[in-house]
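Structure, as structure tokens:
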Amino acid sequence: MIYSEWLQQANSAINSAVARSYNAMQKGGWSENFITTSILESLDLQGEEVVWDDLSQRIVWEGYKLSGSAETQYGDIAVLVRVWLTSDTFVDGVAYYEAKRQYFNTDGSVKGFLSVKSEQLARLRKLTHASNVIFYDVDQGKGQVYIGCVPNIFVDELMNQNLVNGTGRVILRYGRAFVHGLGENLRGFALDFSPTVVEDIKKFSESKYAPLVIINAAIGKINVEPKLSEHCALLRSYERVWGVARSVAEDPAPRASDNDPRPF
């Protein structure tokens, strides 16, 4: 598989997960936690090992979700990547994503991303430079799903200009599709390699500030075996949704019925 094909397939799976959550809005499906967990489960379709022939790279990965609730300090999604430079040398990096959903009026028109808070964004910026915000949105009239990814610092500054809350979809102009950010992370880019930030993942089993979802990945060139970090083996408060020792996980968002409104 070439990298661009993988991006298309992953984007399709993610979009379907968001659309499914939107369709189940009346059943509680349209919330950040439901959508985020549904996205994690949809990535299982990409397989536990992915080879990008055009880049001479391959990844192995697994997905975890938190059992119980938490007050996310770093964000809703953590992407931990072990980058193998040679068969004996690697570096660990991590990126974080805070998830926000679109709010809708009763007639289906948009209100804006009302749950974005400046205080939360400022705290995330202090913790790590590899912090982003994902915006979940559906335009039912156009039959289009948006999963925009915007750097935290962009969102924080735009909040100061009153261009996020209650402005519909303006913020989406400053970002790109989440799948492109995730793809770069899996290749070892746009990560925070600070040992302190990486080591914090080991503490998530004991912390109320743990992220809802963790993607644990390793990447290497075709001739270098990518081996996963041991960090996630310590996560007693997480359930593996897919990966090497796959477990069965329930879909957190109710499935759409024939009577649900559909964006497509």
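A short reminder: the numbers here are calculations on the coordinates, not readings from a lab. Keep in mind that what you see is a predicted model, and the values were worked out from it rather than measured. Positions of Cβ are backbone-derived with ideal geometry, glycine not excepted, and every protein chain shown enters the neighbour counts.
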Semi-axes in Å, largest first, for the chain (Cα gyration tensor, √(5λ)) are 29, 21, 18
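Which entries of Lys65/Lys203; Lys126/Lys203; Lys65/Lys227; Lys126/Lys227 have Cα-Cα distances beyond 26 Å here?
Details: Lys65/Lys203 15 Å; Lys126/Lys203 18 Å; Lys65/Lys227 21 Å; Lys126/Lys227 30 Å.
Long pairs (Cα-Cα over 26 Å): Lys126/Lys227.
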Note to self: C-alpha centroids of segment 126-181 and segment 214-241 sit apart, in Å, by 28
Rounded to the nearest 10, the angle in degrees between the Cα long axis of helix 32-42 and the longest principal axis of the Cα atoms of the chain comes to 50
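Rounded if a/c is under 1.5, else prolate if a/b is larger than b/c, else oblate: which is segment 108-234, with a ≥ b ≥ c the root eigenvalues of its Cα gyration tensor?
The shape class here is prolate.
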If each K or R counts +1 and each D or E counts -1, the residues other than Asp54 whose Cβ falls under 14 Å of its Cβ total +1
Projecting the Cα atoms of Phe90, Asn105, Leu124 onto the charge dipole of segment 64-128, where Lys and Arg contribute +1 and Asp and Glu -1 at Cβ, the residue farthest towards the positive end is Asn105
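By its C-alpha gyration tensor, with a ≥ b ≥ c as the square roots of the eigenvalues, how is segment 15-117 shaped: rounded for a/c under 1.5, else prolate for a/b larger than b/c, else oblate?
Numbers: a/c = 2.58, a/b = 1.96, b/c = 1.31.
In terms of gyration-tensor shape, prolate.
Based solely on its DSSP helices, what 222 nm [θ] is calculated for the chain when runs of n ≥ 4 H residues each add -39,500 (n - 2.57) and the sum is averaged over all residues, nearest 500 deg cm²/dmol?
Details: 6 runs with 65 residues, N = 264.
Calculated at 222 nm, the ellipticity per residue is -7500 deg cm²/dmol.
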Placing each pseudo-label 7 Å from Cα in the direction of the beta carbon, Phe193 and Ser109 end up separated by a distance in nanometres of 5.0
Taking a ≥ b ≥ c as the square roots of the Cα gyration tensor eigenvalues, with a/c under 1.5 meaning rounded and otherwise prolate when a/b beats b/c or oblate if not, segment 91-181 comes out oblate
Helix 3-23 sits off the longest principal axis of the Cα atoms of the chain, rounded to the nearest 10 on a 0 to 90 degree scale, by 40
Quick calc, Asp44 & Glu225: beta-carbon distance into FRET formula, R0 35 Å, rounding 0.05, result 0.95
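If contacts are Cα pairs under 8 angstrom and at least 6 residues apart, what is the relative contact order of the chain in percent? Each step should come with its number before you reach the end.
On the way: 561 pairs, mean separation 83.5, N = 264.
The value is 32 percent.
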Sorted on mean Cβ neighbours within 10 Å (highest first), peptides 127-139, 47-59 come out as 127-139, 47-59
